[in-house]
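Enquirer: Here's a structure for you.
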Amino acid sequence: MNDSTRAISPLRQRMMEDMRLRKLAPQTQAGYIRAVRRLAGYLRRPPDTATVEDLRNFQLYLVDHGTSPITLNATITGLKFFFGITLDRAQLMAKMNPVFVPRTLPVVLSREEVTLLIAPHVTVVAARIGR
């Protein structure tokens, strides 16, 4: 049985309805469902049975398995929605906080570098317009 033929659990249906009520983008909804599915896979039981300690261990598991900070934060956000909105058990997520994502500065080209980049294109355009 694949995903399209398997019946949706009442819990998942409820979460999908909660997301639809809030008009979350399809990509956001998919990410939130993925986060809950990943937790359920880790627990090997329904996600609504998770304890505070289970959630802490799940976060440690993600960190120990090289999950990027961005993915980790997206997972935490999805789980906060699930426990806070769908289950009305926000207190379970109280100790799960997003991790710091270092910001990088964009590469800024010097005037010389920009000139080198566009010089060949200026020559081609000038040739095409007959200059």
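Enquirer: Return a yes/no flag: does region 106-121 have any residue that is more than 21 Å from the chain's Cα centre (by Cα), at pLDDT below 95, among the basic types (Lys, Arg) and open to solvent by 90 Å² or more (accessible area, probe 1.4 Å). Even if it seems obvious, please write down each step before you answer.
Expert: Let us first name the residues in region 106-121 that are more than 21 Å from the chain's Cα centre (by Cα), namely 106-121.
Next cut, at pLDDT below 95 only: 106-121.
Okay, now just the ones that are also among the basic types (Lys, Arg), so 111.
Applying the additional criterion that residues be open to solvent by 90 Å² or more (accessible area, probe 1.4 Å) yields 111.
Scanning region 106-121 turns up at least one residue that is more than 21 Å from the chain's Cα centre (by Cα), at pLDDT below 95, among the basic types (Lys, Arg) and open to solvent by 90 Å² or more (accessible area, probe 1.4 Å).
Enquirer: Here is a further query. Which numbered condition in (1) out of contact with any Leu (no Cβ under 8 Å at 6 or more places or on another chain); (2) farther than 14 Å from Val99 by Cβ is the only one that Ile76 fails?
Expert: Here Ile76 meets the rest and fails (2).
Enquirer: Can you name the residue in region 1-37 that is under 24 Å from Lys95 (Cβ atoms) and touching a Pro at 6+ places or on another chain (Cβ under 9 Å) and, of all such residues, is surrounded by the most Cβ atoms within 10 Å (Cβ to Cβ)?
Expert: Val36
Enquirer: Before we move on, is Phe100 touching a residue at least 60 places away in the same chain (Cβ under 8 Å) and either in a helix (DSSP H, G or I) or exposed (fewer than 11 other Cβ atoms within 10 Å of the Cβ) (or both)? Give the derivation first.
Expert: Details: touching a residue at least 60 places away in the same chain (Cβ under 8 Å): no; either in a helix (DSSP H, G or I) or exposed (fewer than 11 other Cβ atoms within 10 Å of the Cβ) (or both): yes.
It is false that Phe100 is touching a residue at least 60 places away in the same chain (Cβ under 8 Å) and either in a helix (DSSP H, G or I) or exposed (fewer than 11 other Cβ atoms within 10 Å of the Cβ) (or both).
Enquirer: The conditions are (1) touching a helix residue (DSSP H, G or I) at 6+ places or on another chain (Cβ under 8 Å); (2) modelled with pLDDT of 95 or more; (3) open to solvent by 60 Å² or more (accessible area, probe 1.4 Å), and His65 fails exactly one of them. Which is it?
Expert: The single condition His65 does not satisfy is (1).
Enquirer: A follow-up question, please. Which numbered condition trips up Ala74, out of (1) touching a residue at least 24 places away in the same chain (Cβ under 8 Å); (2) open to solvent by less than 50 Å² (accessible area, probe 1.4 Å); (3) of a type in the set (Gly, Ala, Ser)?
Expert: Result: Ala74 fails condition (2) only.
Enquirer: OK, next. In region 41-56, what count of residues is obtained for those that are touching a residue at least 40 places away in the same chain (Cβ under 8 Å) and under 18 Å from the mean Cα position of the chain (by Cα)?
Expert: 1
Enquirer: Looking only at residues in region 77-91 that are open to solvent by less than 30 Å² (accessible area, probe 1.4 Å) and in contact (Cβ under 8 Å) with a residue 40 or more places away in the chain, which one is nearest to Glu17 (Cα to Cα)?
Expert: Thr86
The values are calculated or read from the model by the stated rules, or taken from the named source; none is laboratory data. Source: prediction; values computed, not measured. Glycine also receives a Cβ, built like all others from the backbone with ideal geometry; neighbour counts cover every protein chain displayed. Areas reflect the complete protein model, heavy atoms only, side chains present, ligands, DNA and RNA absent. Shrake-Rupley method; radii C 1.70, N 1.55, O 1.52, S 1.80 Å.
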